[in-house]
Structures are given as structure tokens and as C-alpha cells.
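One structure below.
The values are calculated or read from the model by the stated rules, or taken from the named source; none is laboratory data. Just so it is clear, the structure is predicted and the values come from calculations on it, not from any experiment. Here the Cβ is made from the backbone with ideal geometry for all residues, glycine too, and neighbour counts use every protein chain on show. When the accessible area is computed, the model is the full protein with side chains, heavy atoms only, and any ligands, DNA or RNA have been set aside. Shrake-Rupley method; radii C 1.70, N 1.55, O 1.52, S 1.80 Å.
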Amino acid sequence: MKRLRVGDDVIVITGKDKGSRGTVSRLMPYDRVIIENVNMAKRHTKANPNRGTSGGIIEKEMPIHVSNVALFNPATKKGDKIGFRVLDDGRKVRYFKSNNEVLDR
């Protein structure tokens with residue numbers, strides 16, 4: 001079970017986008033995630049009439065390493081560490097370590 005999942009609300013804790021919040025839109029190999037509207041990069045593209053693409057400056061989200069993001073805890077309003085626990089019914093769930101609140105229902 002991974003610490004982050006698609007749809008999780010996260011906050012960036014280091015780097016040029018420190019403090020910005022977003023939702024995980026994609027998990028990538030090598031422990032990287034893409035977060036909506038965070039770590040934007042500009043790419044200058046040339047028009048290609050054969051493909052039907054127009055040229056210009058395209059902004060897209062670039063991946064961030066998972067060690068640079070923390071799961072956002074709405075109760076404490078900041079990033080928090082996560083732990084894993086097995087419930088009585090046998091399900092393995094994630095929980096916030098600061099207030100022992102279970103994330104997965």
C-alpha cells in the first residue's frame with residue numbers, strides 16, 4: 001500500500017512551490033507524483049501543420065518526488081505524517097500520526 005493515492009490533498013514542503021496545495025492527479029514510477037497546478041513548466045513548441053498542432057508556449061505540470069510533499073490534514077490545517085494500521089475487520093488503512101484520525105473509510 002502506498003502512502004499517496006490519486007485524489008489525495010497534499011501540500012508541498014520543499015522546493016520552489018513550497019506551501020502550495022493541490023490534488024494528486026497521477027502517480028508515476030520512481031516515487032514521483034503530479035499535482036494539479038503545482039510545479040508548472042513552460043515549453044516552447046514549434047507549429048507543425050502536418051499534425052495540425054499550433055505553436056506557442058504550453059504550460060504543463062511536472063512531477064515532484066514524494067519526499068517533497070506531505071498529506072494535508074484538514075483538522076490541523078497543515079501537512080502531516082501518515083502511518084498504517086490494521087483494523088479489527090482486517091482492513092489495512094492509513095491514518096494521520098498527529099491525531100490518529102483514519103483517512104480511508
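Which residue pairs have Cβ atoms closer than 9 Å, lie 6 or more positions apart in sequence or on different chains, and pair a first residue in region 49-76 that is within 13 Å of Arg21 (Cβ to Cβ) and part of a strand (DSSP E or B) with a second residue that is open to solvent by 70 Å² or more (accessible area, probe 1.4 Å) and hydrophobic (A, V, I, L, M, F, W, C)?
Going by the 9 Å Cβ cut-off, the qualifying pairs are Val69/Ile13; Ala70/Ile13.
Is there any pair linking a residue in region 16-33 that is at positive phi and open to solvent by 50 Å² or more (accessible area, probe 1.4 Å) to one that is of a type outside the set (Asp, Glu) and not in a strand (DSSP E or B), with Cβ under 7 Å and at least six apart or on different chains, and which?
Partner pairs satisfying both residue conditions: Asp31/Val66.
Considering only residues of region 77-105 that are basic (Lys, Arg) and in a loop (DSSP other than H, G, I, E, B), which is most open to solvent (accessible area, probe 1.4 Å)?
Kept after step one, since they are basic (Lys, Arg), are these residues of region 77-105: 77-78, 81, 85, 91-92, 94, 97, 105.
Filter once more, keeping what is in a loop (DSSP other than H, G, I, E, B): 77, 81, 91, 97, 105.
On the way: Lys77: 148, Lys81: 151, Arg91: 103, Lys97: 111, Arg105: 210 Å².
Once the filter is applied, the top-ranked residue is Arg105.
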